[in-house]
Amino acid sequence: MIKWGNTADHRRGVDAGREASGRGFSGRDGDTPESSRGPVAGLSVLLALVLFGFCVEPGRLLPGPAAVLMLLVQLITCLPWTRRLRGAWALAAQIVLAPWAGLPGFLAASVLLAVERPLRWALFTLVVLAAGPLAPGDGGVFSVLNGIGNAFAHGLVIYALSRLTDLYAELHATRGTLAAARVAAERRRNERELEEVLGTALVSVIAVAGRGRQAARELVALARAAAERVRAAPPVQRADRTDASPQAMTPRLAWPIVIATHLEYLAVGAAFLLGQEIPGWRSALYAAALTAVIALQAYHSLPRPPGVRPRHAPWTLGAQITLALGMLAVPDGPYPQLTAFAAASTLIVLPARAAWPAATALTAVTAIGVLTRPDGPGLHGTAVLLLDIVVIALVFYGLALLTGLVHQVREAREALASLAVAQERRRIAQDVHDLLGHGLSAIALKGELAVRDPDPQRADGHLTDAARLARRALADLRAIPGQGIALTLDAELASVRQVLASAGITLRVRGNPGRLEPAAEALFATVLREAATNVLRHGSAPCRCTIAFEPGTLRVTNRTDGTPSPLAPPASQDIADCARGLGGNGIRNLHDRAALLGAHLESGPTPDGRGYALTLRLQPSPAASVTA
């Protein structure tokens, strides 16, 4: 209900796009998620206040009956709580009510909210142009421009505030959706890369194993190279920031609407000055002040990330307030509404604890200045003017607030997705290291045995075992990028028995782990596999490995003494080297896995210094320690 001078009504606003067709945001059944209801409720109140201000007729403090009906229909069209009631009926009702209510801007906004592309902007233009001849007044140039300007500004402002409110709720509701999409893309990327690097190597191992004993050394080289890739820490890769949020409109549409509404303000204000027949030098002075105040408002209102203030804000805000208050003292100028822009800027620029008192003070100063003027509008006119100022300030503050909230929730959504991708990348890297390392070490061992075993039949058997292990590793590799590998303790224990026996390592198993939940059993199996892998890598025969179970506890001890068997691969490191090796990625990964279940992992040399022990304890008991 913005008015320049004492004639027609002039309203203002800004954008924020409802790129959909009036169906609300994409959420389950269109509901606003619980965690976003507080902010959305506040935004809805802000929008309702702006709509109420827009529907008040010039010179009145309360809307007429037709305007009230138009307001109710507009609330149904704009508020997120009533999205189930939206539809063509609301647009049809506003078409009928618009001539009686005198609110073409509401109809223009509903066209933008409800009509599909490409018709929406064409129909919006028709409604805005038709508002000029139908505007109240004397039918002069200013009256027509004021009517067109009001419809244009109101339509864009309502569209902007409605769409930004919907977009905020939409982005908030789909935070998990973006994270899931990013994780799925990360899994596909890892699947391709693992297949290219390790899958190809395992396929080659299977092929080489089929060529007989003469290819055993090549098999060993392939398995060792693949094992080195597995043990190496994967490079950290940046997550792609491809926020494919539906109809993301900030700042793509917010920026043009900010500029368009400010230009409309400037055009109508200039038309008012021309119609007042003010002397040339004063008219030029008033036009310069008008242009400066509106330009500074546009500068303060441009979309920015939350917490980022306009550059040189103290100077620009101070200049805007000075010009706006200065216009209160000059005769016949566009004096009152300029303080509305200054009040809006204080709400946008200043911290909340100072913004509202400052905006209230500006409004109060304006009221005092207008009431004390000899040519002032009187008490009733001042009350109408103050309502106008409040509406203008809320419009621009609402746009800036909503734009910031949308930016904020988009950043939170992006951060959540990036965190999910990082966690998935780490999970895959851990699974590759912990679950494939054992198989590749076993394959290399089988190849070494085939090279050293003088019995051709046994050597062929070792190569057959190597091919079988490679096929199992290949299946594990292809399962890792999905939901991962489901390990069982019995299967892992049987595999460890077979592989260590092939290496000439004496294995002793005693005790029982007690009842384990699936997640705890998978942890036990993973620790057992990693421990066996390190026994193969660092042990030498004759070597004794003991696996001891107690309720909620697993302890794997490896002792090396005596002279190595001629069939055993040479020890690559002594016990001290083994201790250092177990401090690498493998143990770090196991510590992380154990921590997720509240378990405790210990590793280090045995008291006599001739062995190495790895101990896993669930806390405080196997039944209570595990969470899915």
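Laboratory data are not the source of any read-out in this text; all were calculated from the coordinates shown. These numbers were taken from a predicted model, which means no experiment stands behind them. Backbone-built Cβ (ideal geometry, glycine too); neighbour counts: all protein chains shown.
Modelled label-to-label distance, Q498 and W89, 7 Å Cα→beta-carbon offset: nm?
The modelled label-to-label distance comes out at 6.9 nm.
So, by mean Cβ neighbours within 10 angstrom, what's the order for 415-425, 596-606 with the highest one leading?
Listed from highest to lowest mean packing, they are 415-425, 596-606.
Between the range 257-330 and the range 461-491, how many Å separate their Cα centres?
Between the Cα centres of the range 257-330 and the range 461-491 lies a distance of 71 Å.
Compute the distance in nm between two label points, each set 7 Å from the Cα along the Cα-to-Cβ direction, one at W81 and one at L379.
Between W81 and L379, the simple spin-label model gives 3.5 nm.
Put a dot 7 Å past each Cα toward the Cβ at T200 and L419; how far apart are the dots in nm?
In this crude spin-label approximation the distance works out to 3.7 nm.
With no solvent and one point on each alpha carbon, what is the Debye value of log10 I(q)/I(0) for the range 355-465 at q = 0.16, 0.23, 0.24 Å⁻¹?
Computed log10 I(q)/I(0) values: -0.88, -1.14, -1.17.
Applying 1/(1 + (r/R0)^6) with R0 = 60 Å to the Cβ-Cβ distance of R468 and Q408, what FRET efficiency is obtained, to the nearest 0.05? Walk me through the numbers on the way to the answer.
Working: r = 55 Å, r/R0 = 0.91.
Calculated value: 0.65.
Need the full-extension length gain, L596 to A180, defined as separation in residues times 0.36 nm minus the C-alpha distance. One decimal, nm.
Extra length available between L596 and A180 comes to 147.7 nm.
Fewest to most neighbouring Cβ within 10 Å: what's the order for L371, L590?
Ascending number of Cβ neighbours within 10 Å: L371, L590.
If packing is taken as the mean number of other Cβ atoms within 10 Å per residue, what is the order of 353-364, 544-555, highest first?
Order by mean packing, descending: 544-555, 353-364.
What ranking, highest mean first, results for peptides 529-535, 163-169 when packing means the other Cβ atoms within 10 Å averaged over each residue?
Working: 529-535: 25.9, 163-169: 28.6.
Descending packing order for the listed peptides: 163-169, 529-535.
Rounded to the nearest 0.05, what FRET efficiency do Q619 and R188 give with R0 = 45 Å and r taken as the Cβ-Cβ distance? Could you check?
E(calc), rounded to 0.05, equals 0.75.
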